[in-house]
Amino acid sequence: MSIRIEENKLLAPLTTLGVGGTARFFVRAETEADVVEAVEHARKNGLGLFVLGGGSNVLVSDDGFDGLVLQIAIRGITGGNASVNERAHDTEGTVIAAAGEDWDEFVRYCVSEDLAGVECLSGIPGSVGGTPVQNVGAYGHEVSETIVSVRCLDRGSGEIVTLSNADCGFSYRTSIFNTTERDRYIVLSATFRLTRGGAAKIAYPELEREMAGREGSLKAVREAVLRLRRRKSMVIEEDDPNSRSAGSFFKNPVVSYDKLDEIRESFENVPFFVFGDRVKIPAAWLIEKSGFAKGFEHGNAGISANHTLAIVNRGNATAAEIVELKEMIQARVAETFAIDLHPEPVFIGF
């Protein structure tokens with residue numbers, strides 16, 4: 001056996017929330033072969049398997065995980081036939097990034113190489129492998145707009161397969177990886193088609209206001225996005241206690257125009273975004289109007305002082321406290337608006 005298996009590995013330090021118990025077994029996979037071997041080891045020994053990336057979108061139970069946690073740490077950015085270590089890209093702007101690459105570092109690299117398409121996704125914590133799973137999005141852009149294909153290990157067959165963009169079934173914050181084929185595939189790398197020398201995408205009102213009077217280069221847009229996210233403590237930084245979170249804890253609910261009109265009967269200036277023949281209402285607005293202010297505290301858990309959508313670890317929080325606060329918010333929003341809020345993070349060991 002070439003993989004190193006650790007026992008009773010504390011998971012809290014491997015997550016941005018910083019809560020949770022231990023993994024019975026833990027493997028850090030730095031190659032595709034490590035991933036294959038770890039999955040086979042779990043199968044042969046009847047162990048539950050959880051795949052961990054950058055730990056930015058997860059909540060670990062206080063009891064931990066009674067199985068094998070597999071952390072994907074495969075690194076490398078390449079294009080065409082270039083070496084992974086050369087971090088090269090081809091002339092058409094196609095970039096292949098390994099699943100263990102830090103997402104924001106990948107965005108920084110693309111911007112530095114004048115490759116447009118992911119600049120609005122700057123500052124999002126986590127790894128490249130997690131982005132197609134959640135179809136991460138921000139400031140009017142979703143990662144699925146640039147993904148060509150995703151290379152995966154099919155846990156059922158044991159084979160490595162390549163799924164096209166269409167195969168991935170992308171929609172708002174979802175894909176087959178977290179819905180219909182949940183737990184079937186492990187993302188190993190993703191191929192992105194970017195635009196060399198392309199214009200930055202400035203389509204989101206908040207970003208448009210931030211960019212007013214400024215030149216619109218990729219670098220300038222990236223810096224603007226980072227400024228906006230830092231104001232909300234949505235960039236993970238050691239000296240910002242409000243950033244000790246899993247990012248946006250709830251998805252923005254998609255509702256009918258009839259539901260929007262119903263809400264307007266009781267509330268003025270209801271914010272919304274057109275979403276096909278429906279609308280998205282900001283979950284943060286719903287939470288605030290349900291009576292939860294920024295900085296709300298619940299034991300050692302709380303709501304960020306800078307962003308209502310982030311549940312934070314105020315220091316030594318337990319997973320139970322995080323879940324209690326989540327349920328309090330969901331219940332109040334359901335009571336006030338008859339809308340169900342759905343959490344974004346993956347729950348481990350519950």
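Going residue by residue through segment 20-31, is there one that turns out to be surrounded by 14 or more Cβ atoms within 10 Å (Cβ to Cβ), modelled with pLDDT under 95, among the β-branched types (V, I, T) and under 26 Å from A310 (Cβ atoms)? No, every residue in segment 20-31 fails to be surrounded by 14 or more Cβ atoms within 10 Å (Cβ to Cβ), modelled with pLDDT under 95, among the β-branched types (V, I, T) and under 26 Å from A310 (Cβ atoms). Checked against the criteria, T162 does not count as at pLDDT 95 or above, open to solvent by 40 Å² or more (accessible area, probe 1.4 Å) and assigned to a loop (DSSP other than H, G, I, E, B). When F170 is tested against (1) of a type in the set (F, W, Y); (2) open to solvent by 40 Å² or more (accessible area, probe 1.4 Å); (3) within 18 Å of D104 (Cβ to Cβ), exactly one condition is not met: (3). Just one of the listed residues (D66, D90, D34, D104) is open to solvent by 20 Å² or more (accessible area, probe 1.4 Å), within 28 Å of A116 (Cα to Cα) and modelled with pLDDT of 95 or more, namely D104. Looking at (1) outside any loop (DSSP other than H, G, I, E, B); (2) touching a Gly at 6+ places or on another chain (Cβ under 6 Å), which is the only condition V235 fails? Tallying (1) outside any loop (DSSP other than H, G, I, E, B); (2) touching a Gly at 6+ places or on another chain (Cβ under 6 Å), V235 fails exactly one: (1).
Matching residues to (1) of a type in the set (K, R); (2) in a helix (DSSP H, G or I):
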| position | (1), (2) |
| --- | --- |
| A284 | no, yes |
| E288 | no, yes |
| K294 | yes, no |
| N316 | no, no |
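In this structure, does E142 turn out to be surrounded by fewer than 22 Cβ atoms within 10 Å (Cβ to Cβ) and either under 17 Å from the mean Cα position of the chain (by Cα) or β-branched (V, I, T) (or both)? Here the answer is yes, as E142 does meet what is asked.
Taking residues in segment 209-225 that are touching a residue at least 40 places away in the same chain (Cβ under 8 Å), and partners anywhere that are open to solvent by 80 Å² or more (accessible area, probe 1.4 Å) and part of a helix (DSSP H, G or I), the pairs with Cβ atoms closer than 8 Å and at least 6 places apart or on different chains are R222/R108. Looking only at residues of segment 175-207 that are surrounded by fewer than 17 Cβ atoms within 10 Å (Cβ to Cβ) and assigned to a strand (DSSP E or B), we find that the one that is nearest to the chain's Cα centre (by Cα) is R193.
Selection of first residues in segment 226-251 that are at positive phi and modelled with pLDDT under 95 and of second residues that are part of a helix (DSSP H, G or I) and not aromatic (F, W, Y), restricted to Cβ pairs under 6 Å at least 6 apart or on distinct chains, gives the following pairs, ordered by first then second residue: S233/N242; S233/S243.
Among the residues making up segment 318-343, a single one is in a loop (DSSP other than H, G, I, E, B), in contact with a Phe, Trp or Tyr (Cβ under 9 Å, 6 or more places away or on another chain) and surrounded by fewer than 20 Cβ atoms within 10 Å (Cβ to Cβ): H342.
The values are calculated or read from the model by the stated rules, or taken from the named source; none is laboratory data. Since this is a predicted model, take the numbers as computed values, not measurements. We place every Cβ from the backbone using ideal geometry, glycine too, and count neighbours over all the protein chains shown. Calculation scope for accessible area: heavy atoms of the full protein, side chains included, ligands and nucleic acids excluded. Shrake-Rupley method; radii C 1.70, N 1.55, O 1.52, S 1.80 Å.
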